[in-house]
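Have a look at the structure below, then the notes.
Throughout, read-outs are computed from the coordinates displayed, never taken from laboratory work. Everything numeric in this text was worked out from a predicted model, so none of it was measured. When we count neighbours, we look across all protein chains shown, and the Cβ atoms used for this are built from the backbone with ideal geometry, even at glycine.
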Amino acid sequence: MKEEEVLSFDLQQKLLHIAWETLSVYLVHKKIPEIVVTEPELQMKKGVFVTLKKGDLLRGCIGDIDGKRSLWQSAQEIVIAAATRDPRFPPLAEEELKDIHIEISVLSPFEKISDPTCIRIGQHGILVKKSPFSGLLLPQVAVEQGWDVLTFLEHACKKAWLPADAWKDPETKIYVFTAQVFGAKPTLDSRYFLSYSTS
């Protein structure tokens, strides 16, 4: 991502705190906490994904690629959605919170490409579109799964409910993007967390 698009460590911490507090309060009280945010960088409207992991296993992942809301509002809404509305998993239970890792991915603008060989594993995420279907995979997914570019493209197509080789279709549009990825792991005291960054 461009330098001006990267959140500082302090702002990463702030966004992670917002996500953690929101998730904790929502799971316990079924309410969304009211939070005052004054930092202009967190008012920016960008695509955001929130990934929840329990140990090394995925426990929920939801995103907003349109960036119609501010970063902090997206973090609040999406962390709840990832915990309760990912159709692949049952809703997150309060007792699971102490084992949950939260990872936030702030997306760059999408860039349409015509040559898939320009895709860089570990740097680019992929968005595949063929109306009315679309499928997105974050940059870190290919690294975690050990995929090459071809496999990455095939899985993006499958996520869009398209044939694995649909990326070859002239009607299929392929976009790449980068992401600033940072996260938080719970400590022994679940009120606090250890943050990390992969960008």
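Would you mind calculating the relative contact order of the range 111-177 from Cα pairs under 8 angstrom and at least 6 residues apart, reporting the percent as a whole number?
It rounds to 43 percent for the range 111-177.
How many Å³ per residue does the convex hull of the Cα positions in the chain occupy?
Taking only Cα atoms, the chain has a hull volume of 120 Å³ per residue.
Nearest 20 debye, what's the magnitude of the dipole of the chain about its Cα centre given +1 on Lys and Arg Cβ and -1 on Asp and Glu Cβ?
Around 440 debye, computed over the chain.
When the Cα centres of the range 87-109 and the range 130-151 are compared, how far apart do they sit, in Å?
19
With each run of n ≥ 4 DSSP H residues scored as -39500 (n - 2.57), what mean residue ellipticity at 222 nm is computed for the chain after dividing by its residue count and rounding to the nearest 500 deg cm²/dmol?
Taking each H run of at least 4 residues, the total per residue is -8500 deg cm²/dmol.
Which ordering of S114, S108 is given by a fewest-first count of other beta-carbon atoms within 10 Å?
Ascending number of Cβ neighbours within 10 Å: S114, S108.
Given a cut-off of under 8 Å on Cα pairs at least six residues apart, what relative contact order in percent is computed for the range 58-152?
Across the range 58-152, relative contact order equals 18 percent.
What do you get for GluC sites (Glu not before Pro) in the range 100-179 restricted to DSSP loop and a cutoff of at most 13 other Cβ within 10 Å of the site's Cβ?
Sparse-neighbourhood loop GluC sites (Glu not before Pro): E171.
Using Cα pairs closer than 8 Å and at least 6 residues apart in sequence, work out the relative contact order for the chain, in percent.
Result for the chain is 20 percent.
Longest segment of the chain with no chymotrypsin sites (Phe, Trp or Tyr not before Pro) in a DSSP loop having at most 13 other Cβ atoms within 10 Å?
1-160
Just want the ordering: R69, R85, R59, from fewest to most Cβ atoms lying within 10 Å of their own Cβ.
R85, R69, R59
With a 10 Å Cβ neighbour count serving as the proxy for reagent exposure, in which order, fewest first, do H29, H101 appear?
Arranged by neighbour count, lowest to highest, H29, H101 become H29, H101.
How big is the charge dipole of the range 111-177 about its Cα centre, in debye rounded to the nearest 20, if each Lys and Arg gets +1 on its Cβ and each Asp and Glu gets -1 on its Cβ?
Here the range 111-177 has a charge dipole of around 200 debye.
Among W147, I78, C118, whose Cα lies farthest out toward the positive end of the dipole of the chain, if unit charges sit on the beta carbon of Lys, Arg (+1) and Asp, Glu (-1)?
Value: I78.
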